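Below is one structure, written out as structure tokens; the observations come after it.
Where a number appears in this text, it was derived from the coordinates with a stated rule and is not lab data. Fair warning: this is a prediction, and the values are worked out from it, not measured in the lab. We place every Cβ from the backbone using ideal geometry, glycine too, and count neighbours over all the protein chains shown.
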Amino acid sequence: MREIGERLRRRHESITQCRVTVEGNRGDGAPYVVKIHLSVPGAQIHADSTYQNGAGHADVYLALRAAYASARGQLQDLQRDCKSSLLADARSAMRVAQGTEQRQQSKE
């Protein structure tokens, strides 16, 4: 579980909190469910290992991998959204700067 947290931190260095929980009991044959809760500035990520039908995994390692893959995907989506937002802000700032420059040139 610590390795999963470290691998996620390497993908997104601004993670402020990472909590991994494992539910299930090998003794009674209950399926395993792994939940990962991440905090990053401006967002919370909640990932788990359940299948679409809500069932858990029979193997705890498969459950860990599935939860990690879900959290990693959400982090990638968050990074992509942030980059596209920053790019849009930069383009908007460039348009404003160009408009100001054109107005100054027309006054001269």
**Message:** Sort Cys18, Cys82 by Cβ crowding within 10 Å, fewest neighbours at the top.
**Reply:** Cys82, Cys18
**Prompt:** Which order do Thr16, Thr50 fall in if you start with the one that has the fewest other Cβ atoms within 10 Å?
**Reply:** Thr16, Thr50
**Message:** Which of Asp77, Asp48 has the fewest other C-beta atoms within 10 Å, and how do the rest follow up to the most?
**Reply:** Asp77, Asp48
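Quick one: net charge of Val33's neighbours, Cβ under 9 Å, K/R +1, D/E -1? Don't skip to the end; give the middle numbers.
Values: positive: Lys35; negative: Glu23, Asp48.
The answer is -1.
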